[in-house]
Amino acid sequence: MRKSRWVVIICVGVLLVLALVFFLYRGAFLPVEKTALKEQPEYRGEIVRKKIEPLPPKEETPRLSDAEEVDHDIVQERVEQLFAYLDRQEYIKSYNLTEGSYRHFLGITAKLSSRPPVVSGETDDLLTLRSNITHLFRVMGKEDVSLTLDVLSHEEEEKIEGAMGILYKWGVREAQREGGAIRADMGGLYEYAAFFLNTLSGKAYLLRRESQVRILLTYYSILILDSADTQQLNRHGVDILPHVNLLIDDINRYRGLDHKDKYLARLKAIREK
């Protein structure tokens with residue numbers, strides 16, 4: 001009886017030892033199951049690979065080219081500053097421009113572009129000549145002519161020169177753009193440039209202006225006509241070379257221009273074409 005009890009105890013002990021060995025080394029006895037837990041190393045490797053994948057680049061808003069940015073940021077800003085400055089002047093305030101000088105200026109350009117002067121055949125009859133002589137007064141009206149003359153008389157020469165330069169650059173840009181700020185196109189600018197240089201009425205108007213204004217109006221008129229020549233749009237056949245030569249002489253004699261050298265270099269380049 002005592003002997004059989006010891007046999008049972010020994011058997012139980014052996015079974016416990018076998019169970020412990022089986023538990024500790026079960027990987028050697030059982031096939032590896034393809035579970036998410038058993039494949040943990042591979043699974044973790046996939047997670048690491050996903051983490052180091054570069055993020056797709058963010059889509060950026062299309063930007064203007066450098067030239068377009070300069071054109072917009074500088075030219076438009078300077079035009080707005082110019083008219084904001086005029087709005088602060090007492091002599092401008094006396095005109096009670098309800099929408100400000102900028103909007104009023106756009107209205108003047110719209111009137112001028114809608115009724116261009118006569119360039120060819122001005123002297124064919126007295127009525128046409130008379131109409132051309134009074135063209136600016138008739139189209140702009142007494143109030144706007146007075147406003148323009150007030151600006152020219154009140155502002156210093158340096159400001160007039162800078163204002164005319166920026167307005168020329170801005171005006172040409174807007175005339176070339178579809179839906180630009182001004183209603184005139186390059187054809188309209190050409191008509192007025194030819195009017196100032198190639199008609200008795202236009203020349204008479206320039207002669208009545210101060211030397212600085214006359215020189216600058218002539219200069220920018222030449223630039224517009226030169227552009228028309230390049231694009232074969234000089235429909236009135238205006239020869240600009242005599243005007244270029246005369247203006248070079250005028251600029252050489254006149255001392256009131258800050259950008260005299262730039263004007264002369266541009267005119268000489270046109271003459272050498």
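Just so it is clear, none of the values below were taken in a lab; they were calculated from the coordinates. Note that the coordinates shown come from a computational prediction; the quantities given were computed from them, not determined experimentally. All Cβ positions, glycine included, derive from the backbone under ideal geometry; neighbour counts span all protein chains shown.
Which one is farthest from residue 182 (Cα to Cα) among residues in the stretch 106-140 that are touching a Lys or Arg at 6+ places or on another chain (Cβ under 8 Å) and among the small types (Gly, Ala, Ser)?
The residue in question is 131.
Is the stretch 207-225 home to any residue that is in contact with a Gly (Cβ under 6 Å, 6 or more places away or on another chain), of a type outside the set (S, T, N, Q) and within 21 Å of residue 128 (Cβ to Cβ)?
no
With the requirement that a residue be in a loop (DSSP other than H, G, I, E, B) and exposed (fewer than 11 other Cβ atoms within 10 Å of the Cβ), what does the stretch 248-273 give you?
Result: 255, 272, 273.
Where residues in the stretch 235-244 are in contact (Cβ under 8 Å) with a residue 24 or more places away in the chain and within 21 Å of residue 205 (Cβ to Cβ), which of them is surrounded by the fewest Cβ atoms within 10 Å (Cβ to Cβ)?
Step by step, filter the stretch 235-244, then rank; the result is 236.
Out of curiosity, is residue 178 acidic (Asp, Glu) and crowded, with 20+ Cβ neighbours inside 10 Å?
Spelling it out, it is not the case that residue 178 is acidic (Asp, Glu) and crowded, with 20+ Cβ neighbours inside 10 Å.
Count, please, the residues in the stretch 191-230 that happen to be surrounded by fewer than 22 Cβ atoms within 10 Å (Cβ to Cβ), outside any helix (DSSP H, G or I) and in contact (Cβ under 8 Å) with a residue 40 or more places away in the chain.
2
Are any residues in the stretch 133-154 outside any helix (DSSP H, G or I) and either surrounded by 17 or more Cβ atoms within 10 Å (Cβ to Cβ) or β-branched (Val, Ile, Thr) (or both), and if so, which ones?
Listed by number, the list holds a single entry, 134.
With (1) in contact with a Ser or Thr (Cβ under 8 Å, 6 or more places away or on another chain); (2) farther than 21 Å from residue 204 by Cα; (3) in a helix (DSSP H, G or I) as the list, and residue 169 as the residue in question, which single condition is left unmet?
Residue 169 satisfies all of (1) in contact with a Ser or Thr (Cβ under 8 Å, 6 or more places away or on another chain); (2) farther than 21 Å from residue 204 by Cα; (3) in a helix (DSSP H, G or I) except (1).
Among the helices (runs of 4 or more DSSP H) confined wholly to the stretch 69-118, which include 2 or more residues that are surrounded by 17 or more Cβ atoms within 10 Å (Cβ to Cβ)?
77-87, 100-114
Sort out which residues of the stretch 169-206 are over 14 Å from the mean Cα position of the chain (by Cα) and closer than 14 Å to residue 76 by Cα, and write them in order of number.
Hit for the stretch 169-206 is 182, nothing else.
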